[in-house]
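Please read the structure below before turning to the comments.
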Amino acid sequence: MTHYFTDNRDLPSNERELRISFLGREYTFVTDIGVFSKNELDEGSAILLEAVQSLDISGSVLDLGCGYGPIGIITASMTPQCQVTMSDVNPRAVELAVKNCIHNGVQVQCLVSDGFEKIDNSFDVILTNPPIRAGKRVIYRLFEDACAHLNKEGVLLVVIRRKQGAESALAKLQEIFGNGETILRKRGYWILKAVRTDTDIDK
């Protein structure tokens, strides 16, 4: 079976335009078959973006598992002080993300990477709406690798539905980072936050 978190360029293409309104700004995205939430901005991503806008973030930001780019592009638009990178294992999604950066007038680096396989640098903030269907082993590995790719005091923000394992994901973050908290609960979604500390860096 072909999933949105795989290389699925062999699927037929049927691009469509999607208009999204967020905090009074309008965005236009091109989506296609085989990418996550191609018909709308999914609720989890919208709630993650709300949490991001409530925080005072700056510096380098990675949208991990970006899909066609709404989280990274809206973050880049709303926080121009940030340098945003977007990555996804799905080449079709990254191709769309590149188009959508142009459509929305933002400068964002986009790259194809299976997790952190092609990512060498570190970040001040990592954002992710993880591929739940990939399973806990894959997601928890992303958490571990995210910790390794954060700068000192760097922040990981994750959105997960409670019924899809938010509580166990929080426990895993606390195990990896030595800290972790839920900063927002909304409509069944939890926004989890973990910070890389000196202790983490010395591991």
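The residues of the stretch 35-69 that are of a type outside the set (S, T, N, Q), over 19 Å from H103 (Cα atoms) and assigned to a strand (DSSP E or B), listed by number, are G59, V61, L62, L64. Of all residues in the stretch 17-44, those that are in contact with a Phe, Trp or Tyr (Cβ under 9 Å, 6 or more places away or on another chain) and not acidic (D, E) total 14.
Selection of the stretch 108-134 for residues being assigned to a strand (DSSP E or B) and under 17 Å from Q53 (Cβ atoms) yields D124, V125, I126, L127, T128. With the condition kept exactly as written, say whether any residue in the stretch 121-137 is in contact with a helix residue (DSSP H, G or I) (Cβ under 6 Å, 6 or more places away or on another chain), surrounded by fewer than 23 Cβ atoms within 10 Å (Cβ to Cβ) and at pLDDT 95 or above. There is no residue in the stretch 121-137 that is in contact with a helix residue (DSSP H, G or I) (Cβ under 6 Å, 6 or more places away or on another chain), surrounded by fewer than 23 Cβ atoms within 10 Å (Cβ to Cβ) and at pLDDT 95 or above. Of all residues in the stretch 162-184, none satisfies being over 24 Å from S54 (Cα atoms) and crowded, with 23+ Cβ neighbours inside 10 Å.
With respect to N121, determine if the residue is closer than 16 Å to S60 by Cβ and not aliphatic (A, V, I, L, M). Criteria met by N121. Residues of the stretch 76-91 that are in contact with a strand residue (DSSP E or B) (Cβ under 6 Å, 6 or more places away or on another chain) and assigned to a helix (DSSP H, G or I): A76, P91.
The values are calculated or read from the model by the stated rules, or taken from the named source; none is laboratory data. Computed from a predicted structure; not experimentally measured. All Cβ positions, glycine included, derive from the backbone under ideal geometry; neighbour counts span all protein chains shown.
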